[in-house]
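Working notes, structure below.
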Amino acid sequence: MTPFLAELIGTAIVIIIGNGVVANVVLPDTKGNNGGLASIILGWTFAVFVAVYMTSGISGGHLNPAVTIALAIAGKFSWALVPLYVLAQLLGGMLGAFVVWMVYKDHFNECDDAAAQLACFSTAPSIRNLPQNFIVETLATFIFMLGVFYLKPAAVEMGSLSALPVALLVAAIGFGLGGPTGFAINPARDLGPRIMHFILPMKGKGPSDWGYAAVPVFGPLVGGILAAIIYVQFLQ
């Protein structure tokens with residue numbers, strides 16, 4: 001498997017499991033309806049663990065443009081590979097969202113809440129305040145990426161088991177900082193599925209909220225860049 005394919009498939013798996021759990025919790029007449037935030041965070045934790053475990057030995061298991069760009073800024077990843085990785089991650093996000101739609105298609109059509117439908121694809125703030133929402137995504141990704149920088153040296157020795165601390169880091173961010181915005185912390189996780197929400201047919205579908213889309217894209221990118229700069233200048 002090539003690194004491009006690993007990043008595409010890995011990101012797709014993150015979305016299939018992660019957004020699949022969201023769909024199971026928020027859509028009507030599912031087995032997991034009303035499972036709550038803890039179920040969603042644990043679902044994303046397992047999603048990251050499985051995907052990173054599968055791909056870390058092939059592509060490094062980035063699965064996130066914020067991670068790829070931050071590692072390149074820190075000199076730990078080749079800039080020449082950044083466009084390839086980001087494209088794979090975006091396509092993986094779109095593929096994963098398509099699979100979730102296929103699995104829960106009947107439930108999407110039974111749902112009369114357009115916001116709940118959108119939540120199965122992309123994030124939205126609990127309180128809409130775009131500057132504050134941007135700060136939240138930036139800080140959450142900053143903390144996440146600092147954790148990744150410190151996990152990377154250990155990952156060399158741990159191999160695929162490095163997926164476990166990364167997954168636990170995602171869980172910590174979700175439980176601690178996920179309330180205001182849903183902790184996208186990954187541009188591909190939000191943008192790819194949001195594009196698919198715009199494209200795919202669903203009964204009663206509302207708008208894809210492109211007015212908010214820049215927050216979960218640029219907030220994580222800024223957070224990752226700041227983490228890389230501070231890590232290189234002061235912490236490594």
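Annotations
- Arranged from fewest to most other beta-carbon atoms within 10 Å of their beta carbon, Ile127, Ile185, Ile195 become Ile127, Ile195, Ile185.
- All C-alpha to C-alpha distances of region 102-236, sorted into 10 Å bins beginning at zero, yield P(r) values of 12, 36, 31, 16, 5, 0 percent in whole numbers.
- Taking Leu37, Leu177 and counting other C-beta atoms within 10 Å, the order from fewest to most: Leu37, Leu177
- Within-14-Å neighbourhood charge of Gly20 [Cβ basis; K, R +1; D, E -1]: +3
- Over all Cα atoms in region 1-115, the spread is summed up by Rg and Dmax: 15.7, 49 Å.
- The angle between the Cα long axis of helix 163-177 and the longest principal axis of the Cα atoms of the chain comes to about 60 degrees, rounded to the nearest 10.
- Note on region 159-202: Cα convex hull, mean projected area over all directions, 4.5 nm².
- Whole-number D in µm² s⁻¹ for region 39-171, Kirkwood Cα-pair radius fed into Stokes-Einstein, 4 °C, 1.567 mPa s: 78
- Cα-based Lys pair tally, the chain, threshold under 16 Å, eight or more apart or on separate chains: 4
- The calculated pair-distance distribution of region 3-235 uses every alpha carbon pair, bins of 10 angstrom beginning at 0, and gives 9, 35, 38, 15, 3, 0 percent.
- With contacts taken as Cα pairs under 8 Å at a separation of at least 6 residues, region 76-229 carries a relative contact order of 41 percent.
All of the numbers you see were taken from the coordinates with simple rules; none came from a lab. Keep in mind the model is a prediction, meaning the values are calculated, not measured. As a convention, Cβ positions derive from the backbone with ideal geometry for all residues, glycine included, and neighbour counts pool all protein chains shown.
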